[in-house]
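Below is one structure, written out as structure tokens, with a few remarks after it.
Any read-out appearing in this document is the output of simple, stated calculations on the displayed coordinates, not a laboratory observation. Note that the structure is predicted; figures quoted are calculated from it, not measured.
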Amino acid sequence: MGLEGDPFDYRITKSGMLVITRSGRTVMELGGKKASALIPKLGVSNDSDQQLLARATGNYRRGNERHVNRHH
């Protein structure tokens, strides 16, 4: 399922922590310099938000993943 069918969501806490969720579950919590760098970039457009959040969580296809062929 892609980002369109199962998008990331986020919220920013009062303490400046960035909480990233997907399907109602917390995927990652970012704080410190990483959160401070990412937060200003969010909110520009939903598409770019999805890409930024996917990259921050490591859930981003780079095109170099190996595909396993199963022989039955």
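The Cα atoms of segment 8-57 give a gyration tensor whose axes a ≥ b ≥ c have a/c of 1.5 or more with a/b no greater than b/c, which makes the shape oblate. Taking amide H atoms as placed 1.01 Å from N in the peptide plane, the amide H of M28 lies under 5 Å from those of I20, each 5 or more residues away in sequence or on another chain. Among the aspartates and glutamates, which fall within straight-line cross-link reach of K14, defined as a Cα-Cα distance under 14 Å, with same-chain neighbours fewer than 8 residues apart omitted? Answer for K14, where 14 Å is the Cα cut-off: E29, listed by chain and number.
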